[in-house]
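Scroll down for the structure; my scribbles are underneath it.
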Amino acid sequence: MLNHDLFMHESDRAALNALKAIPGFTPLLKAFMKVWNEKQFRIQNMSTNLRISEKQLPKYYHMLLPICEKLGIEVPEMYLELNVNPNAYTAGDTQPFIVLTSGLLEHMPEELIPTVIAHECGHIACHHNLYSTMGRIILNGAASFLGLGELAIFPIQVAFSYWMRCSEFSADRAAALCDGTSDNIVQMCMRFSGLNKVVGLEADVDEFLHQAEDYRQMIHDSTWNKTLEFLMLSNADHPLNAVRAYECKEWVKTGQYAQAAYAMQRHLGAGDPGAYGAPMVTMPQPGGFFLGREINSTVSFLQTLGFTRVYPVKHVEPGLNMAEGQILRICVDGKDAFAAGEQFAADVEIYVEYYTAEPPQGYAPPNPGQQGYGPQTPPQGFAPQNGAPMARMPGNSVGYLGRYWQEAVAELQAAGFTNVAADPRRKEKKGILGKEGGISAISVNGQTFFSRGDWFPANVPILVTYYTYADTIWY
């Protein structure tokens, strides 16, 4: 499945978190789950609406299949509802479905119907359905049976309304990914704004987008205008059409869109990923976001983003009060710290250090006086994707400090590391505790913290920095 974090709108995620943080939300959700049954939606559709399938309205059914493949979701049921209003919606949680109205098929040009369907599939891919169904019930004033009064429900109604508007931006992005352009979303929004076959020749896309810019400026310029906007939209579940079009158009210009399109091509397995013009991948979260998370899901997430060289590294130390598989450190291109939005090459080396209390399979502690560890064989399944040989660290980062650099280099090379350097260009003047030739710092691919027994690729760059009095360095 394509990771929906790649195209989820920032305000979508933030608004949902804010909604969940409202004190009355949790009891409301529990009450809703007791009375809600998605089977009633299925009963309504099966008894009243027209099911779209290979045998019934197959033209629209075959529009659905490639969209589901692109987004990596199961093919939902799709129905046609007799309703003159042009609309489409999705509902259901474990078995989501899509409904198109007859007014939509009459009003919307056929070439835009796949965009509408992709938008609804975007809601499914982002797991919006449960909360959006709950939100529609609350915004329609049918929440009294859940046991909360009007005063208690009002802030939740406002928060639901805001989140549902933000969720539309994410669904629009999913449609733009499937289309490969935002042009169809812009056209779709123009149609929902009143454009039809009669006035179509006189409509202007640029003017429609300029309308959104004027609106944003008007709201920004006046506190009173912001208040009017809040009052007007406090019960609305869709953003203004011009704003939706503008948001999607701007997003397609960003590196985040390029990254999501690149990941989609990798998900589809369509040829050489490098041929899609996206050699750079944007990191969606800062380095601190990954600390404490679970190793397997994090490695999978990074690979889904498009990174091709993600190496898990074990930190073996029994007795620590930490969860097995908890991430301690992540190093990207030699950097322990990076910001959200920072871009890296897709083939950059990423080392993810995680905790384990148990030594890996095949581990044997050294005999007294023995250099390094026992069998130089990494645990099963623990190897870089390119099949490079691995080597185990014979000492820890703190233990090397103060040792003679020649001794440390020899020990690392004996352990199987082939790219160990003591770079004289990084010499340091002797400090209070320094001694001639004593190690002042050691880094593994820029990572300055590691433990004895950690696994790394044998050719990982290791730099040993040592104290020296020498004024002249001989190369």
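At a glance:
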{"item": "Conditions (1) β-branched (Val, Ile, Thr); (2) within 26 Å of Gln157 (Cβ to Cβ); (3) at pLDDT 80 or above: number failed by Ile295", "result": "(2)"}
{"item": "In region 297-341, the residues that are more than 20 Å from Val281 (Cβ to Cβ) and among the acidic types (Asp, Glu)", "result": "Glu317, Glu324"}
{"item": "Matching residues in region 23-48 - criterion: being hydroxyl-bearing (Ser, Thr, Tyr) and closer than 19 Å to Phe97 by Cβ", "result": "Ser47, Thr48"}
{"item": "Close pairs (6 angstrom Cβ cut-off, 6 or more residues apart or separate chains): under 12 Å from Arg191 (Cβ atoms) in region 95-111, in a helix (DSSP H, G or I) anywhere", "result": "Met108/Arg191"}
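Rundown of residues vs (1) modelled with pLDDT of 90 or more; (2) buried (at least 19 other Cβ atoms within 10 Å of the Cβ); (3) closer than 17 Å to Arg136 by Cα, yes/no style:
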| position | (1), (2), (3) |
| --- | --- |
| Met1 | no, no, no |
| Asp5 | no, no, no |
| Leu28 | no, yes, yes |
| Asn37 | no, no, yes |
| Pro66 | yes, no, no |
| Gly103 | yes, no, no |
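The values are calculated or read from the model by the stated rules, or taken from the named source; none is laboratory data. As the structure is a prediction and not an experimental result, all values here were calculated from the model. Cβ atoms come from the backbone with ideal geometry, glycine included; neighbour counts cover every protein chain shown.
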